[in-house]
Amino acid sequence: MNFLYDTHAHLDDSMFDKDRDAVIHKIQNSNVGLLNNIAADMESSRFSIKLAEEYDFIYATVGVHPSDVLSMTNHDIDELRKLSKHPKVVAIGEIGLDYHYDDADPDLQKYWFREQLDLARDLNMPVVIHDRDSKGECLSILKEKNISRGVVHCFSGSAETAKEILKMGMHISFTGVVTFKNARRAIEALKVIPIERLLIETDSPYMAPEPFRGQRNDSSFVYRVAEKISEVKEIPLEDVIRITCENGMKLFGISK
């Protein structure tokens, strides 16, 4: 097995509306053999499943991002439960806490984060975690709920935070940010994470790696993340590709 697994992409994003099929064709012609299309709200949860039905190599998650919980209801939890039964839905996410913007409602975010964690636990499904500027609250809730199956995506935290996540049993995923010149803290964290707990992702269409920074990102660029991990950890690139793919397949229950 020697293909890349982009464990976190947003092909449903409006930035792909004009050429989505062409982008997916480009990805298929690269060395990407698996891709998770990650939901951020109810609409993208449904769209992710549609993409997964259309393309064999694409899998879906369902869930509501912390920035989109303002209008969330118990009906949405019921619908997420139904959507999660689809055979190509592999996780609940992305869910978590995001206090970056001034209009964030921490109490509401924490309520729906807990509700979605309970859903994942009821369904025995892994979670895809979004944690931005929560000052430790996100990890505290994960510990409170005794969550150990999942991934903290787009990691850019400290080595100490990485160690805390690893103790919980979680995986950690890196985007193209790890290729940036100012990514010193992320590089130090990468050094302490065992390769067996690493995943790679693009978070496309955002977070394009060097030398494509500032451009629209897509899953064909995920190899740049693998290259950086290979360089930092001094592990052959083919081993990084193989092991991170195996890690993702095991976490998300995919056999291929």
What's the extension gain from ASP133 to GLN28 if we count 0.36 nm per residue and subtract their Cα-Cα distance? 34.3 nm
Listed residue pairs exceeding 29 Å between alpha carbons, taken from LYS143/LYS256; LYS110/LYS233; LYS145/LYS181; LYS26/LYS82; LYS85/LYS110: LYS143/LYS256; LYS110/LYS233; LYS145/LYS181; LYS26/LYS82
Just want to confirm a number: the relative contact order over the stretch 1-106, from Cα pairs under 8 angstrom separated by 6+ residues, in percent. 24 percent
Take every Cα pair under 8 Å in the stretch 4-252 that's 6+ residues apart, average their separations, divide by the length, and report that relative contact order as a whole percent. 19 percent
For the stretch 82-124, listing trypsin sites (Lys or Arg not before Pro) in a DSSP loop whose Cβ sees at most 13 other Cβ atoms within 10 Å gives LYS85
Considering the chain as a Gaussian network with a 10 Å cut-off on Cα pairs, which listed residue, GLY157, GLY136, GLY63, attains the greatest mean-square fluctuation? GLY136
For the chain, modelled as a Gaussian network with Cα springs under 10 Å, which listed residue fluctuates most, ALA39, ALA91, ALA162? ALA162
Counting Lys and Arg as +1 and Asp and Glu as -1 over every other residue whose Cβ sits under 15 Å from the Cβ of ASP17, the net charge comes to -2
Cα gyration tensor shape of the stretch 176-251, rounded if a/c is under 1.5, else prolate or oblate by comparing a/b with b/c: oblate
Say we join alpha carbon atoms closer than 10 Å with springs in a Gaussian network model of the chain; which of ASP78, ASP102, ASP68 then has the biggest fluctuation? ASP102
Which whole-Hz ³J(HN,Hα) couplings does the stretch 229-236 yield from phi under the Karplus relation 6.51 cos²θ - 1.76 cosθ + 1.60, θ = phi - 60°, glycine and proline marked x? 4, 4, 5, 5, 8, 6, 10, x
Please report, in debye to the nearest 20, how large the charge dipole of the chain is about its Cα centre when each Lys and Arg carries +1 at its beta carbon and each Asp and Glu carries -1 there. 800 debye
Antiparallel bridge percentage (DSSP; both residues within the chain; nearest 5): 0 percent
Just checking my list (1) 35, 21, 17; (2) 25, 22, 17; (3) 29, 23, 17 against semi-axes √(5λ) of the Cα gyration tensor in Å computed from this structure; which label fits? (2)
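Any read-out appearing in this document is the output of simple, stated calculations on the displayed coordinates, not a laboratory observation. Only a predicted model underlies this, so the values are computations on that prediction, with no experimental measurement involved. Backbone-built Cβ (ideal geometry, glycine too); neighbour counts: all protein chains shown.
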